[in-house]
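In what follows, a structure is listed as structure tokens, so that the remarks can point back to it.
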Amino acid sequence: MNILQFKPTTEQLLQASQFANAYNQHGFGKNVLGVSYEEYISFIRIGKLCEIILADFLRLENIEFEAPEMLIPHPGNHKKGADLLLTHSGQEVDIKAANKSFHKRILIREDQFQAHIHDIYIGAKYHNDQLVTYHGYITGDEMNKITPHDFGYGLCRYMLLDQLKPMEQFVKQCKLKEKIS
């Protein structure tokens with residue numbers, strides 16, 4: 001279980017598309033990555049899909065969390081707060097999605113990282129609408145020790161997907177109601 005693999009359901013794909021469509025129709029968010037507007041909206045959909053799939057998995061595993069606004073689009077330039085909050089430890093979890101075939105790392109823009117360091121960052125990989133994988137996690141404290149680098153999107157904190165702590169450890173600690181470390 002070091003890498004979790006999922007085939008997105010029709011409902012999960014629909015929820016992610018509806019979320020991204022709201023951004024597209026209402027001009028929500030801010031494209032800070034310097035990509036085309038279409039690619040920006042695609043990033044929104046893929047990121048949301050990765051959040052929804054992980055939330056559904058945690059529910060199936062009886063791991064309690066809070067994410068009351070997961071499917072509510074945020075009209076401002078930037079969403080504030082974590083993707084979900086683990087009930088047992090109060091730790092904030094942010095899911096980072098790599099989405100191109102050549103993407104091998106998670107990236108956290110330095111301005112977003114400095115604005116608010118989350119407790120846990122989970123590295124997901126969107127392969128296509130038939131496969132999403134979760135490679136592992138890193139704590140915010142560990143990410144804070146990494147020197148930012150510019151990969152073409154501005155300064156970012158980063159970690160290679162294959163160097164993240166295993167998802168098995170994350171799930172085990174959640175089930176034991178331990179603080180994720």
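Readers should treat all values here as calculations from the given coordinates under stated rules, not as data from a laboratory. Just so it is clear, the model here is predicted, and its values are computed rather than measured. Because the Cβ atoms are built from the backbone with ideal geometry, glycine has one as well, and the counts that use them run over all protein chains shown.
Here are the numbers for this structure:
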{"item": "Residues whose placed amide H lies under 5 Å from that of Asp83, excluding near-sequence neighbours", "result": "Val93, Asp94, Ile95"}
{"item": "Rg followed by Dmax, in Å, when the stretch 4-175 is reduced to its Cα trace", "result": "15.1, 41"}
{"item": "Segment Ala115-Lys179, extension gain: residue separation times 0.36 nm, minus the distance between their alpha carbons", "result": "20.7 nm"}
{"item": "Charge dipole (debye, nearest 20) of the stretch 4-175; +1 at Cβ of Lys and Arg, -1 at Cβ of Asp and Glu", "result": "320"}
{"item": "Residue among Ser36, Ala22, Ile63 farthest towards the positive dipole end of the chain, charges placed on Cβ", "result": "Ser36"}
{"item": "Helix-only mean residue ellipticity at 222 nm for the chain, each DSSP H run of n ≥ 4 adding -39500 (n - 2.57), per residue, nearest 500", "result": "-10500 deg cm²/dmol"}
{"item": "Computed lengthening from Arg59 to Phe151, 0.36 nm per intervening residue step minus Cα-Cα distance", "result": "29.6 nm"}
{"item": "Order by protection proxy (mean Cβ within 10 Å, highest first), peptides 18-24, 130-136", "result": "130-136, 18-24"}
{"item": "Kirkwood Rh, Cα atoms: Rg over Rh of the stretch 54-125", "result": "0.97"}
{"item": "Antiparallel content of DSSP bridges confined to the stretch 4-175, in %, to 5", "result": "80"}
